[in-house]
Amino acid sequence: MKRSILSLSLAALIMTPAVTRSEPVGSSFGALMTAQSMAQGRAVLGGRLGVANATSFSTSMGYGFSNSGDGRVKLGVVGDDLTESELVLGADAKWQILKAFEANAQGQPVRTKNPFDLAIGPFVEWFKVDYGVSTMRGSTTVSQLGAQVVGSYPIALKAGGSISPYGRINARNEWLSLEASDATTGTILRDSESGFAVGLNAGAAWRPRSSPIALFGEIQWDGNNGVFFGMDYTLGR
C-alpha cells in the first residue's frame with residue numbers, strides 16, 4: 001500500500017510534473033467483523049493486527065445503537081520498511097437487514113427463512129505520511145469514503161460456541177493529496193488525485209461458549225493485500 005504512495009511521493013520530490021496513482025491504497029484496518037449486529041447498548045473493545053503491504057496495529061471501540069445497528073471508531077498506526085509508523089483513523093457503521101436467526105420469547109435462537117446474515121453501511125479512513133530525502137521534504141494525505149456489504153452465517157459447534165464464515169465487499173473513493181518542497185531551491189509542489197476502488201475481505205470469526213471474546217482471521221484484497229487478525233471483547237456481559 002504505502003510503497004506505491006511513497007514511490008509517487010518521492011517522484012514528486014524530485015520534481016516530476018504530475019502525480020499518477022498506479023493502484024488503490026486500500027484499508028489499514030481490514031474488516032474483522034460479521035454481519036451480526038451488536039446488542040443494543042452493548043460496547044465492544046477490539047484489537048487488530050494487519051500483516052499486509054503495510055503492517056498495522058490498531059484498536060477499536062464499537063457500540064450497539066439499536067437492535068440492528070452498530071458503529072465503530074478505530075485508531076492505529078501503519079507503516080512499512082520505507083517509513084516510520086504513522087497515525088491512521090477510521091470509523092464504520094452497519095445495519096443488519098437480514099438475520100439467519102431470531103431470538104424467541106425464551107431468548108433462544110430460532111432459524112428464520114433468511115439464508116444468512118446480511119448488513120450494509122458506510123465507512124471512512126484517513127492517514128498522513130511525512131517523509132524526507134536529503135533537503136527534500138513532503139507529505140501525502142490519504143482519505144477514503146465508501147460503502148460496505150457484509151455477509152456471514154453462524155455455525156454452532158458441538159463443543160459449544162460458534163464459528164462464522166464472513167465476507168465483505170466495499171466500494172469507495174480514495175483521495176490522495178501531496179505536498180513536497182526542496183529546502184535548497186525553495187521549490188514547492190502540490191498535487192492531488194482521486195479514484196474509485198473496490199475491495200474484498202474473506203474470513204471467519206470464532207466465539208467460544210459463554211465467553212465475551214471473539215477471535216477473527218481474514219484475507220484482504222484491496223490494494224493493501226494481506227492477512228488480518230483481531231480480537232473483540234464485549235463489555236458488560
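Computed from the coordinates by the stated procedures, all read-outs in this text should not be read as laboratory data. Here the structure is a predicted model, which is why all the values come from computation and not from measurement. Note: ideal-geometry Cβ built from the backbone for every residue, glycine included; neighbour counts use all protein chains shown.
Here the simple spin-label model places points 7 Å from the Cα toward Cβ, and for I155 and R42 these points are separated by 2.2 nm.
Which order do E102, E218, E193 fall in if you start with the one that has the fewest other Cβ atoms within 10 Å? Each step should come with its number before you reach the end.
Numbers: E102 11, E218 23, E193 14.
Fewest-to-most ranking of E102, E218, E193: E102, E193, E218.
For the chain, the relative contact order is 21 percent, taking Cα pairs closer than 8 Å that sit 6 or more residues apart in sequence and dividing their mean separation by the residue count.
Principal-axis analysis of the Cα atoms of the chain puts helix 2-13 at an angle of about 20° to the longest axis. Annotation for the range 184-237 versus the range 107-121: alpha-carbon center distance of 24 Å. One equal scatterer on each Cα of the chain, no solvent, Debye formula: the resulting log10 I(q)/I(0) at q = 0.13 Å⁻¹ is -0.77. Rounded to the nearest 0.05, the FRET efficiency derived from the C-beta distance between K113 and L145 at R0 = 30 Å is 0.30.
Helical runs (DSSP H, four residues minimum) scored at -39500 (n - 2.57) apiece and divided by the length of the chain put the mean residue ellipticity at 222 nm at -1500 deg cm²/dmol. Maximal additional length on extending the I163-V124 stretch stands at 11.3 nm, based on 0.36 nm per residue less the C-alpha distance.
The stretch between S211 and R190 holds 2.4 nm of extra length on full extension. This uses 0.36 nm per residue minus the Cα-Cα distance. Run the simple label-point estimate for M231 and A171 please: 7 Å along Cα→C-beta, distance reported in nm. The two pseudo-label positions are separated by 3.8 nm.
Straight Cα distances below 19 angstrom link K128 to the lysines K2, K74, with same-chain residues fewer than 8 positions distant left out.
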